[in-house]
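Single-structure report; data block below.
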Amino acid sequence: MPIIGFFMVPFKPPRLLTQAYKVKLKIKLLYVFLLDVVACSRHFEKMDFELVNYMEYALHSAEIAGNRGEVPVGAVVVDSKTGRIVATNGNQMLGRHDPTAHAEMLAIRAATNMVGSQRLVDCDLYVTLEPCPMCAAAISLARIRRLYFGAFDPKGGGVEHGPRIYDHSTCNHKPEVYGGIGEKAAAELLKSFFVSRR
Ligand SMILES: [Zn+2]
């Protein structure tokens, strides 16, 4: 016997699969695959439902802001662990005489007050419009987990446009970003607001 034979794994003859066993195996694999498909679709349905729900809430805050004469943008902070809405607000720059009173800033402030911490580690932020550079930076400072936004803002946005705050190496916390959630409704609300003001 050669020396390496000592280390060799004993040879195992391949198992001969009968035709019936092969068919049984295929049915089993198909069954497992279908279970996976059902589980995945259910998961995504649930996820879609939650996304749309929170974004609709943000849109509602945006509408309220629009009724006050503010640019209709709304934001919602959600605790991702419990699914509860921690805070929501719409733009209030005119009402508060404050150029920084954007929906995201107000929602973040209210949420940090509610949580009792300057960080919202397990929270997600839903906002109807792509955040401006100031809000994008505040979202990073608040350690928001995920950012979902509706309409893209090529002129004033700071996430996918302009300074792209999260692309900088100096940005310490980059939230996961999902843009275009409920984009159409958010964009239409803004469009009708600006048309009515002409
Ligand atoms: Zn902003």
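The values are calculated or read from the model by the stated rules, or taken from the named source; none is laboratory data. In this text, all values refer to a predicted model and were calculated from it rather than measured experimentally. Using ideal geometry, Cβ is built from the backbone for each residue, glycine included, and neighbour counts are taken over all protein chains shown.
Computed values, structure above
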item	result
Hits in the stretch 123-137 - residues which are under 17 Å from the mean Cα position of the chain (by Cα), near the ligand (Cβ under 10 Å from one of its atoms) and of a type outside the set (A, V, I, L, M, F, W, C)	Glu130, Pro131
Criterion: crowded, with 20+ Cβ neighbours inside 10 Å and either under 13 Å from the mean Cα position of the chain (by Cα) or not small (Gly, Ala, Ser) (or both) - qualifying residue of Phe194, Phe149	Phe149
Verdict on Glu50 being in a loop (DSSP other than H, G, I, E, B) and acidic (Asp, Glu)	no
Output for the stretch 75-85, where each listed residue is within 16 Å of Ala136 (Cα to Cα) and either at pLDDT below 95 or away from the ligand (no atom under 12 Å from the Cβ) (or both)	Val76, Val77
Among the candidates Leu106, Leu120, residue that is within 13 Å of the ligand (Cβ to nearest atom), among the hydrophobic types (A, V, I, L, M, F, W, C) and either under 17 Å from Ala75 (Cα atoms) or not in a helix (DSSP H, G or I) (or both)	Leu106
Enumeration of residues in the stretch 86-114 that are crowded, with 17+ Cβ neighbours inside 10 Å and either modelled with pLDDT under 95 or of a type in the set (Gly, Ala, Ser) (or both)	Ala87, Gly90, Ala101, Ala103, Ala107, Ala111
Residues (within 13 Å of the ligand (Cβ to nearest atom) and in a loop (DSSP other than H, G, I, E, B)) located in the stretch 162-174	Gly162, Pro163
Residues that are over 13 Å from Ala62 (Cβ atoms) and either loosely packed, with under 14 Cβ neighbours inside 10 Å or among the aromatic types (Phe, Trp, Tyr) (or both), drawn from the stretch 175-190	Glu176, Tyr178, Lys184
Filter pass, Glu70 being at pLDDT below 95 and either out of contact with any strand residue (DSSP E or B) (no Cβ under 6 Å at 6 or more places or on another chain) or surrounded by fewer than 12 Cβ atoms within 10 Å (Cβ to Cβ) (or both)	no
